[in-house]
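In what follows, a single structure is set out as structure tokens and then discussed.
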Amino acid sequence: MSLFAAYNEIITLFFIMLIGYAVIKYHIVADTFRKDLSNFLFYVSIPCTMIHSMNQEFSQAKLHDVFMMLGMSVAFLTFGFVLRWVGLKLLGEKDIKRKTVYEFTFIITNYGFMGWPVSYALFGDDGMFYSAIFAIPINIVFYVLGGFIFSKINGDKRGVTWRILLTPPNIATFLGILLFLFSVKVPPIFRGTIDLMSATTTPLAMAVAGMMLASFSLRAVFANRKAFVFASLRLLALPLLFFILLKALGFSGLVLAIPVIIAAMPTPPNLTVLTEQYQADSYLAAQLIFITTLLSVLTLPVIAAIVGFNL
């Protein structure tokens, strides 16, 4: 994939984000529409995309890639967990309520609402298939890691129940794996509906990202210089280092591309759920979500082009 092709794909997504931004900013739809649309994505569109993309013929080669992708995800989490110390040192943040926000977001990216649609847009069904597999370990550790990091604020170590992991995308991923392992094809009467709903995921997810940006004050957001230092480390330095490591170990194709693309994603929007729960700095979390999402429009095409040359 050339740099031009990568920019073309990402700019298309960016224009959809602008539409989402405009309909909220100019009150074309109510502010509550974003939450309703997010719920529709979470409960309907994304699960349909998972099943659509994973409903493939079983092969030993693809099964091997599935295990590779799971291992890559664990490696990525470990990589981010180790390098977060370097990032925190460079930022020099002392306030524990702010430091924990930076610490968590060095490790966890927006692998879902942006990672899946972008992987689908760049690499098609296989991109979605592998990114769904890659997300499994991240889904499992999201709240566990959040509790570990944010409990530093007041020692509040809250338990994590398996019910938290039983989300529609996770359930759809599990069903998709079963369909793949047993080469079961979705009946035609349902396949058409699933295929059409799957096609809505990328545009709706990008529109939701734009709607989220419309809720911030630009002047206040851009006043935080550390957030821009963090964004450069998170959006460029970390994925590039991860790419160099995987390339040096001999990986190529989508097994290389998907982990690096997910590593280059911005801050996850559900970070604020954790910051509110543990009394961390929720305003900083919102700033990081805005800045990294906005700047990812510039950085993602570069990362996509780099991995594209190695497919």
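Some notes on this structure:
- Looking across Glu93, Glu57, Glu9, one residue alone is among the acidic types (Asp, Glu) and assigned to a helix (DSSP H, G or I). It is Glu9.
- Taken over region 167-194, the criterion of being under 18 Å from the mean Cα position of the chain (by Cα) and open to solvent by 50 Å² or more (accessible area, probe 1.4 Å) is satisfied by Ile171 alone.
- Any hit, region 268-277, residues being open to solvent by 10 Å² or more (accessible area, probe 1.4 Å), in contact with a helix residue (DSSP H, G or I) (Cβ under 6 Å, 6 or more places away or on another chain), at negative phi and in contact (Cβ under 8 Å) with a residue 40 or more places away in the chain: yes
- Residue within region 190-205 that is under 22 Å from Phe76 (Cβ atoms) and of a type in the set (Phe, Trp, Tyr) present: no
- Meets criteria (within 23 Å of Thr292 (Cβ to Cβ) and either at pLDDT 90 or above or surrounded by fewer than 21 Cβ atoms within 10 Å (Cβ to Cβ) (or both)) for Ile108: yes
- Test: residue in region 195-208 that is without any contact (Cβ under 8 Å) to a residue 12 or more places away in the chain, outside any helix (DSSP H, G or I), among the hydrophobic types (A, V, I, L, M, F, W, C) and surrounded by fewer than 20 Cβ atoms within 10 Å (Cβ to Cβ): yes
- Any hit, region 212-235, residues being among the polar types (S, T, N, Q), open to solvent by 40 Å² or more (accessible area, probe 1.4 Å) and not in a loop (DSSP other than H, G, I, E, B): yes
The values are calculated or read from the model by the stated rules, or taken from the named source; none is laboratory data. Fair warning: this is a prediction, and the values are worked out from it, not measured in the lab. Methodologically, a virtual Cβ is constructed for each residue, glycine included, from the backbone with ideal geometry; neighbour enumeration extends over all protein chains shown. Surface accessibility is based on the protein's heavy atoms, side chains included, excluding ligands, DNA and RNA. Shrake-Rupley method; radii C 1.70, N 1.55, O 1.52, S 1.80 Å.
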